[in-house]
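Enquirer: Once you've had a glance at the structure underneath, I'll fire off some questions.
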Amino acid sequence: MIDLKNKKVLVTGSGTGLGRETALEFARRGAKVVLHCSHSVEGAQKAVEEIQQLGNEASYFQADFRNVEEVEKLVDIAAERLGGLDVLINNAGTTMTHEFERVTVEQFDTLYQINVRAQFFAIQRALPHLKNGGVVINFSSIHGLQACIGHSVYAGTKGAIIAQTRELAIELAPKGIRVNAIAPGAVPVENQFKIAGTDHFDMDNVIPCGFVGLPLDIANVACFLASDDARYIVGQTILVDGGTASWMAFNEDFKKIGLRLGKGYVPGI
């Protein structure tokens, strides 16, 4: 297991879901962690308690990521509490699903403020603390690479994160700071279950590997990217989706075509 002992880590949006599990996994591997939450205070508190029971340092702070000043204050507080920063994990984000015609200016602004602007200025604020050898990991989504009806704004923010990651990576690499991103596929978390009113999503049959991901699957990739084992990975977006994005469009139709090709039939395509 990758050893991250005494690494100083800030994980944004870590009161629930992927961020919470990522913070916990870094702590399990020996890191000192500061968690951030916007609304999920109870989840952040419990995560801190779990980490402290492991014998590791942890604390949490609340910040509204619609406000850049609160983002910057969070980074400063985390660096002060930890005595510096080795890893910044930008997981905080929000989503809303609406038909394109019904999206309001307020909804558009909120998603870009939280998902893109906050992430950008968190990195900027963290630079004096990260120094040589620092790592930034931005959480994007499969939505930044694949289209899904109802996600016109959300997909735009996640695509922006991928482009922003690539750009900042080449600007910060000469300073000894590595920037990469993770784009998770289907990884159901508690908030999704709560909104859907269910405790299970039947998506296994549409994912090539045959099952949906777990938050730990994403956390493990984050730990790898934060380690020296990933020192030559710069500016990349790692897709962690069980093969979902590798499906060919109209897959069932192409499967039928492939069967016909196997019998010597060549369609006019």
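Enquirer: I need the calculated FRET efficiency for the pair LYS131 and GLU49, taking r as the beta carbon distance and R₀ as 35 Å, to the nearest 0.05.
Expert: Using R0 = 35 Å, I get an efficiency of 0.70.
Enquirer: Based on DSSP H runs of at least 4 residues, each adding -39500 (n - 2.57), what is the mean residue ellipticity at 222 nm of the chain after dividing by all its residues, to the nearest 500 deg cm²/dmol?
Expert: -13000 deg cm²/dmol
Enquirer: Additional query: In debye to the nearest 20, how big a dipole does the chain give about its Cα centre with +1 on each Lys and Arg Cβ and -1 on each Asp and Glu Cβ?
Expert: Value, rounded to 20: 720 debye.
Enquirer: So how exposed is GLU171, as accessible area in Å² (1.4 Å probe, rounded to 10)?
Expert: Estimated to the nearest 10 Å², GLU171 gives 100 Å².
Enquirer: Here is a follow-up. If you find the alpha carbon centre of region 150-185 and of region 18-54, how far apart are they in angstrom?
Expert: 24
Enquirer: Here is a further query. How about region 106-190: which chymotrypsin sites (Phe, Trp or Tyr not before Pro) there are in a DSSP loop, with at most 16 other Cβ atoms within 10 Å of their Cβ?
Expert: Passing both the DSSP loop test and the Cβ count: no residue.
Enquirer: Multiply the residue gap between GLU69 and HIS98 by 0.36 nm, knock off their C-alpha separation, and tell me the result in nm, one decimal place.
Expert: Roughly 7.5 nm would be gained on extension.
Enquirer: Can I ask one more? Roll a 1.4 Å probe over the protein chains and send me the accessible area per residue for the chain in Å².
Expert: 53
Enquirer: In addition: Angle check, please: helix 118-130 long axis (alpha carbons) against the longest principal axis of the chain (alpha carbons), in degrees 0 to 90, nearest 10.
Expert: The two axes meet at around 50 degrees.
Enquirer: Convert each backbone phi in region 73-83 into a coupling constant with the Karplus relation 6.51 cos²θ - 1.76 cosθ + 1.60 (shift: θ = phi - 60°), then list the ³J(HN,Hα) values in order as whole Hz, x for Gly and Pro.
Expert: 5, 4, 4, 4, 5, 4, 5, 5, 5, 8, x
Enquirer: Specify the angular offset, from 0 to 90 degrees and rounded to the nearest 10, of the alpha carbon long axis of helix 41-53 from the longest principal axis of the alpha carbons in the chain.
Expert: Roughly 70 degrees, rounded to the nearest 10.
Enquirer: Using only Cα atoms, find the angle between the long axis of helix 152-172 and the longest principal axis of the chain, and express it within 0 to 90 degrees, rounded to the nearest 10.
Expert: That helix lies at roughly 60 degrees to the long axis.
Enquirer: Using the crude model of +1 on Lys and Arg Cβ and -1 on Asp and Glu Cβ, and no other charge, please compute the dipole size for region 96-168 relative to its Cα centre, in debye to 20.
Expert: Computed about the Cα centre, the dipole is about 380 debye.
Enquirer: Still on this structure, please answer the following. Using the Karplus curve 6.51 cos²θ - 1.76 cosθ + 1.60 with θ = phi - 60°, what ³J(HN,Hα) values do you get for each residue of region 97-110, in whole Hz, with x for Gly and Pro?
Expert: These are the phi-based 3J(HN,Hα) values: 10, 9, 4, 3, 5, 9, 5, 9, 4, 4, 5, 4, 4, 4 Hz.
Enquirer: Report, by chain and number, residues whose modeled amide H sits under 5 Å from the one on ALA92, excluding near sequence neighbours (fewer than 5 apart, same chain).
Expert: For ALA92, whose amide H was placed from the backbone, the distant partners under 5 Å are THR12, GLY13.
Enquirer: Please sort by residue number the trypsin sites (Lys or Arg not before Pro) in region 1-93 whose DSSP state is loop and whose Cβ has at most 13 other Cβ atoms within 10 Å.
Expert: Of the trypsin sites (Lys or Arg not before Pro), the ones in loops of region 1-93 whose Cβ has at most 13 other Cβ atoms within 10 Å are LYS5.
Enquirer: Here's another thing I want to ask about it. Multiplying the sequence separation of ILE77 and MET203 by 0.36 nm and subtracting their Cα-Cα distance, what value in nm do you get?
Expert: Here the segment from ILE77 to MET203 would lengthen by 41.3 nm.
Enquirer: Another question, then. Match the structure shown to one of the listed values (i) 67, 42, 37; (ii) 49, 48, 33; (iii) 56, 39, 38 of Cα extents along the principal axes in Å, computed from it, and give that label.
Expert: This structure yields the entry labelled (i).
Enquirer: Determine the share of the chain's accessible area contributed by carbon and sulfur atoms, expressed in whole percent, with a 1.4 angstrom probe.
Expert: Summing carbon and sulfur atoms, their accessible area is 53 percent of the total for the chain.
Enquirer: Show the residues, 5+ positions off or on another chain, whose built amide H is closer than 5 Å to the amide H of PHE61.
Expert: LEU35, HIS36, CYS37
The values are calculated or read from the model by the stated rules, or taken from the named source; none is laboratory data. The model shown is predicted, which means the values in this text are computed figures rather than measured ones. Counting neighbours? That spans all protein chains shown, and the Cβs are built from the backbone with ideal geometry, glycine included. Areas reflect the complete protein model, heavy atoms only, side chains present, ligands, DNA and RNA absent. Shrake-Rupley method; radii C 1.70, N 1.55, O 1.52, S 1.80 Å.
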